[in-house]
1. For the chain, modelled as a GNM with alpha-carbon contacts under 10 angstrom, which of Ser218, Ser60, Ser169 fluctuates the most?
2. Would you mind counting up the charge near Thr258? Only other residues with Cβ under 14 Å from its Cβ, with Lys and Arg at +1 and Asp and Glu at -1.
3. Calculate how many DSSP beta bridges within region 7-52 are antiparallel, expressed in % of all such bridges and rounded to the nearest 5.
4. Indicate the gyration tensor shape class of region 85-131 (rounded, prolate or oblate), computed on the Cα atoms with a ≥ b ≥ c the square roots of the eigenvalues: a/c under 1.5 is rounded; otherwise a/b larger than b/c is prolate and the rest oblate.
5. How much of the accessible area of region 39-179, in percent, comes from carbon and sulfur atoms when a 1.4 Å probe is used?
6. How would region 1-45 be classified by its alpha-carbon gyration tensor: rounded, prolate or oblate, with rounded meaning a/c under 1.5 and the a/b versus b/c comparison settling the rest?
7. Write down the accessible area per residue of the chain in Å², having rolled a 1.4 Å probe over the full set of protein chains.
8. May I ask what percent, to the nearest 5, of DSSP beta bridges between residues of the chain are antiparallel?
Amino acid sequence: MPHLNEIRKRNNVKIIGKGDKTLVLAHGFGCDQNMWRFVTPVLEQHFTLVLFDYVGSGKSDISQYNKKRYSTLDGYAKDVLEICDALDLSDVTFIGHSVSATIGALAAIEQPELFAQLVMICPSPCFLNLPPDYFGGFEKQDLHELLNLMDKNYIGWANYLAPLVMGSSHPDEFIAELSGSFCSTDPLIAKTFAEATFLSDYRATLKHIKQPSLVLQSEHDALAAPSVGEFVANEIPNATLQVISAHGHCIHMTHPETVGRSIIDFVS
């Protein structure tokens, strides 16, 4: 197990706020902890917040990247567990955006004693359409074409995906920030993370989640439709679904007041 200081450096761990309860905030694919800055001002008044970057993202220590470990979401879940262990955390509330909702679920199933609650923001356990019972939003061929575009034209891929994820109705600076975040990630690391995110199927894990969970779903989300949020909430034994009147997949950035209040109400 790496030493505390190694983990802090490896995952660029930051601790802010005050409060008896601890929230661990985990960013989504192609993002970093900076994306939480819109919602942290209200949360840090009530809770201790642990922010971090997955290895290969943001200001993490890229020298610690291991393609084999991070070729599945289990490798990222291991990051979460090692951070909790290094900081001697327990009974935390894990808040995961997008793919991190699944990563948090894997971590909570692996070591349930560490987690009191889960908050899933626009989750998707599977982005693939698997008829007749499940429609994650994308055909397998379309996802492979999107992944191949990363090899052929990485900037073009980022500029295509950013408005799709953020929602084109939002200010250009939001879309530009997300596109810039995609572009700042090493392309090989980004593609490995993308394959682990978009080609996986973790639907079967949901029923094993024991913690009370809150699913925050955007009403209009091109990446994870409301039906996906409903599926997640229905599969988790003790889950509450809250649909937020919003466009886009990054509601913690575009609707921070609503998301912050929902988290405070749920955790408190």
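1. Largest GNM mean-square fluctuation: Ser169.
2. -2
3. Expressed as a percentage, antiparallel bridges in region 7-52 total about 50.
4. Prolate.
5. On region 39-179, the fraction of accessible area on carbon and sulfur atoms equals 49 percent.
6. oblate
7. With all protein chains present, the chain gives 43 Å² per residue.
8. Approximately 20 percent, going by the DSSP bridge assignments.
The values are calculated or read from the model by the stated rules, or taken from the named source; none is laboratory data. What you see is a predicted model; the values in this text were computed from it and never measured. All Cβ positions, glycine included, derive from the backbone under ideal geometry; neighbour counts span all protein chains shown. For accessibility, only protein heavy atoms count, side chains too; no ligands or nucleic acids. Shrake-Rupley method; radii C 1.70, N 1.55, O 1.52, S 1.80 Å.
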